[in-house]
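Here is the structure we will look at, set down as structure tokens.
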Amino acid sequence: MEKTDLLKQYKPYYSATAKPVLSRNGPVSYISVCGKGDPSGPVFAENIGALYRTAYTIKAYCKKQQKDFTVPKLEGLWWYDEKKYGSHTMAAAPGHIPREEWEYRLLIRMPGFVRAEMLVQARETIISLKEMKSAPEIDWFVMDEGEVIRVLHTGPFATEPATLGKIQDFMKERGLVRNGLHHEIYLSDFRRTAADRLKTILCEPVK
């Protein structure tokens, strides 16, 4: 049985360099879960666990149908209440917005043969086994970001503003403006990888 590996099938999506480039993302289908709060807190960790548990349950269904796939990297969209905190540049926002006020949508990309009804079945299975409290919150999400600036950030999340500054400079040079939510693709498992070795693709939709 052939196993679909999205990291190989969509290599440009899961790769970037330290120099910002303009590319296109989407449309892409994901399973996802939304939340709000400190990403170092227990709710965030629980949401990650529920998302992965759902992904592996879907994978098991597909494998029975002779359509196996490798569960790909975790991703996230990030935003905050700009009416409450005002508008900040992407490089400045992490220093102005309290961690507990950040909102997010965690994502795991699905291959083309996975359909939304498989997610419904997976949620029902997980709920029946009482394995994850967050399972009912997992939803099907399709995103077409269009044009995005992509850059690879290496190191701890705390040093992301310097890399985000590269994106800002790139936008200014080309007369581009923001056109969507800040998007991160976590090439490293930040639960198990030393902070200085983390690799994260930062994506900023623009127009």
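The values are calculated or read from the model by the stated rules, or taken from the named source; none is laboratory data. Small disclaimer: the values here were computed from a predicted structure and weren't measured. Note that we place each Cβ from the backbone using ideal geometry, even for glycine, and neighbour counts take in every protein chain shown.
For the stretch 147-159, the criterion of a residue being acidic (D, E), at pLDDT 90 or above and either closer than 24 Å to T200 by Cα or not in a helix (DSSP H, G or I) (or both) is satisfied by at least one position.
Condition first: modelled with pLDDT of 95 or more, over 23 Å from V206 (Cα atoms) and polar (S, T, N, Q). Can you find one or more residues in the stretch 21-39 that meet it? No - not one qualifying residue is present in the stretch 21-39.
Residues of the stretch 111-128 that are hydroxyl-bearing (S, T, Y) and within 12 Å of A60 (Cα to Cα): T125 alone. Just wondering, is there one or more residues in the stretch 45-66 that are in a strand (DSSP E or B) and surrounded by 13 or more Cβ atoms within 10 Å (Cβ to Cβ)? Within the stretch 45-66, not a single residue is in a strand (DSSP E or B) and surrounded by 13 or more Cβ atoms within 10 Å (Cβ to Cβ).
Among the residues of the stretch 127-142, just one is at pLDDT 90 or above, in contact with a helix residue (DSSP H, G or I) (Cβ under 6 Å, 6 or more places away or on another chain) and either assigned to a loop (DSSP other than H, G, I, E, B) or of a type in the set (D, E) (or both), namely I138.
If the condition is being touching a helix residue (DSSP H, G or I) at 6+ places or on another chain (Cβ under 8 Å) and under 14 Å from L74 (Cα atoms), then the stretch 30-52 contributes I31, S32, V33, C34, P39, N47, A50. Output the residues belonging to the stretch 48-87 that are free of Cβ contacts under 8 Å to residues at least 40 places away in the same chain and either within 25 Å of E145 (Cα to Cα) or within 15 Å of the chain's Cα centre (by Cα) (or both). The answer is V71, Y80, D81, E82, K83, Y85, G86, S87. P111 meets all of the listed conditions (1) in a strand (DSSP E or B); (2) in contact with a Ser or Thr (Cβ under 6 Å, 6 or more places away or on another chain); (3) farther than 19 Å from S40 by Cα but one, namely (1).
Yes or no, residue by residue, for (1) over 17 Å from the mean Cα position of the chain (by Cα); (2) hydroxyl-bearing (S, T, Y); (3) assigned to a helix (DSSP H, G or I):
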position	(1), (2), (3)
G95	yes, no, yes
M118	yes, no, yes
R123	yes, no, yes
T163	yes, yes, yes
E173	yes, no, yes
L202	no, no, no
